[in-house]
1. So, in region B:1-29, how many residues would count as being more than 20 Å from residue B:183 (Cα to Cα) and in a loop (DSSP other than H, G, I, E, B)?
2. Could you grab me the full set of residues in region A:471-500 that are outside any helix (DSSP H, G or I) and on the phi < 0 side of the Ramachandran plot?
3. Residue check: is residue A:128 under 26 Å from residue A:525 (Cα atoms) and either under 18 Å from the mean Cα position of the chain (by Cα) or modelled with pLDDT of 95 or more (or both)?
4. With respect to residue A:97, is the statement that it is closer than 30 Å to residue B:23 by Cα, touching a residue at least 12 places away in the same chain (Cβ under 8 Å) and assigned to a helix (DSSP H, G or I) true?
5. Going by what's in this entry, would residue A:337 be described as free of Cβ contacts under 8 Å to residues at least 40 places away in the same chain and out of contact with any strand residue (DSSP E or B) (no Cβ under 7 Å at 6 or more places or on another chain)?
6. Any residue at all in region A:338-349 that is within 30 Å of residue A:432 (Cα to Cα), over 23 Å from the mean Cα position of the chain (by Cα) and not in a helix (DSSP H, G or I)?
7. Do the conditions hold for residue B:151, that is, is it in a helix (DSSP H, G or I), over 12 Å from the mean Cα position of the chain (by Cα), facing chain A (nearest Cβ under 9 Å) and buried (at least 17 other Cβ atoms within 10 Å of the Cβ)?
């Protein structure tokens, strides 16, 4: 299939037209912004601040555990710190960070001007911020959840967790889930319907495939956690429902099932976008298209499906029927197949490419090493007898830090270095970048490798201290030492970013000579991304010389017009005017936030949220002046 | 390299009011989110049933489905109103849009009244036991969604009646009908679970 392109016409915009495009896409104000790049950056920066907070909490824990019978933190404070650490890292850092990268990058990679629903995007960001402020605002008043990041009842129930900490935790989840769901819907529709003409399904950049799979996982998994945290836990605590109360026919295991039906896919929601980043980095730095594209896509989709059949492997120690457990063991081991396929494809790509050893590629190598290690302990833990031995020990802590830091954080740092020129218009310093990589890599392994051993020696997780006589001291000392190397690596990274965004060499449109569309526009891109939307005929359009490639003309410049293309073939289907900027998504988010904050104390808060939210939504949808700019 | 050749799209429809619009796809995905939530709640209903001996609990009579079944008539009929409105939105027929939305709203309000009457007959609350919790939660959340959609429908009626609307608002009418079909459609399995579930999986274990 080829699109009817017309030969050789001047396509660059004349100056007055460009001015018009600029004016149409001007930002209306700080609270009204709907430009995907600005919102993406806000997501990234906000999530990074939460990473720092979560990191400080991790250091506090490591300091406490660094010596036996330490008294730096008491048991109650330690419980609060590890709960804050896990909650922050999962809900306020990892997912929003991945969403932020997606919000920034996906429209650029697809060759369009914005996401499909820009106002929803703004609303999602403000809800995320509202959730973060709830958790840390409450922490400032010493109302801190302390039942772990998954808050199992009965420990988290009204009887054993009095006070408002767990309620704050449960409602904070609602905020971040709403935010993630907004981004999932808008990115899925953007990827399905707003690709550049000619970008058929088998030409979508792997990163966008990853974001599509992730979006669908969010859509099917996140409602479960809202049911678990809000309907079960919060309602049991505040209005006296009995979902997890065995005395009245409820069941605490019900909570675990529903929580992990979300919780396991959640891990992949964090990690699948990272796989897409890895592919993008490898393609650009091995200077070839990824080896085994169809296998990679199928592996990603397969990962997405299998992820929903794994949740019980978090519950092997709860005494479920063995036949069911056996199924979940088999499913858990299947993940090794889909992950293995991808690792092989990456190695094949690296092997046959012409490598350029950038900082980003260093992080990818670090990822492959650490992630394979974590994957192997994962296969070990999928086996029930071994899991029962290692359950709730530091072996599990070591395992999931290997897969999460290795599988998500290293690719994320790699991606950040890779796309830094696009974000800021300046090159990031490679020497400092590599220094921070080595510090993070060495520090990480020093911290978490000993935890495998101390876990196998029987050290349980979530204890605030341990006696000298058990001999766990040296392992923990080493881990604490490693944690500080990680911290210094982080400082080097931050210093590098701060310095490079002011003093780095100016970046041109495509500093890496990469092949995908985000590198076809200036660094940083204008608000409208591309003066003319591209038409593509290959997976790496910038590496391809084809008569079927070119530019779209005929979109109106005097309003925010984008092109809608068909779902499979990406044939142009219609034009579509995306709405202008308005403050109403912000007002709506504030209204919802006020109500949901109040709901921590009383069910009536939901009615407040509904009324305020409805007012916001009416303002949001009320018809406004014509969409066109007056000439 | 992006060459110098061009693809002219100026002939394309500037605003598609149909199922090809991105907004339609967004609405479908929003419905998928709601659907996942109700799916989890249905699973919860049966899970709770499995963990107790007697269902419904002693003192709670088996639900009598005839009234809820009767109430299905206005509910299903209200979809006709949605259909008329969304077809009229595609053709920009203001009178029929108002007719369809009004019909939808009137029948849905009638349905809500019937549901309210049915609801008052429950002799347990969310705080009675786990059975009460799940039944009330399903009823509450579905009713909440229905009311939210009806408020949106009311706002659309106001906008269309004022007469100062454009393609975006017509697309809104179409997409509103999609949400309404979903809310009616999802009620069918919920209705089966709530009113027939106890007959199918009830009694003493």
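1. Of the residues in region B:1-29, 16 are more than 20 Å from residue B:183 (Cα to Cα) and in a loop (DSSP other than H, G, I, E, B).
2. Answer for region A:471-500, where residues must be outside any helix (DSSP H, G or I) and on the phi < 0 side of the Ramachandran plot: just A:472.
3. The answer is yes for residue A:128.
4. yes
5. yes
6. no
7. When the stated conditions are applied, residue B:151 does not pass them.
This table checks each residue for (1) more than 11 Å from chain B (Cβ to nearest Cβ); (2) more than 22 Å from residue A:277 (Cβ to Cβ); (3) touching a residue at least 12 places away in the same chain (Cβ under 8 Å).
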site: A:172; (1), (2), (3): yes, yes, yes
site: A:183; (1), (2), (3): yes, no, yes
site: A:197; (1), (2), (3): no, yes, yes
site: A:210; (1), (2), (3): yes, no, yes
site: A:216; (1), (2), (3): no, no, yes
site: A:224; (1), (2), (3): no, yes, yes
site: A:228; (1), (2), (3): no, yes, yes
site: A:233; (1), (2), (3): yes, yes, yes
site: A:237; (1), (2), (3): yes, yes, yes
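The values are calculated or read from the model by the stated rules, or taken from the named source; none is laboratory data. As the structure is a prediction and not an experimental result, all values here were calculated from the model. Cβ: placed from backbone, ideal geometry, glycine included. Neighbour counts: every protein chain shown.
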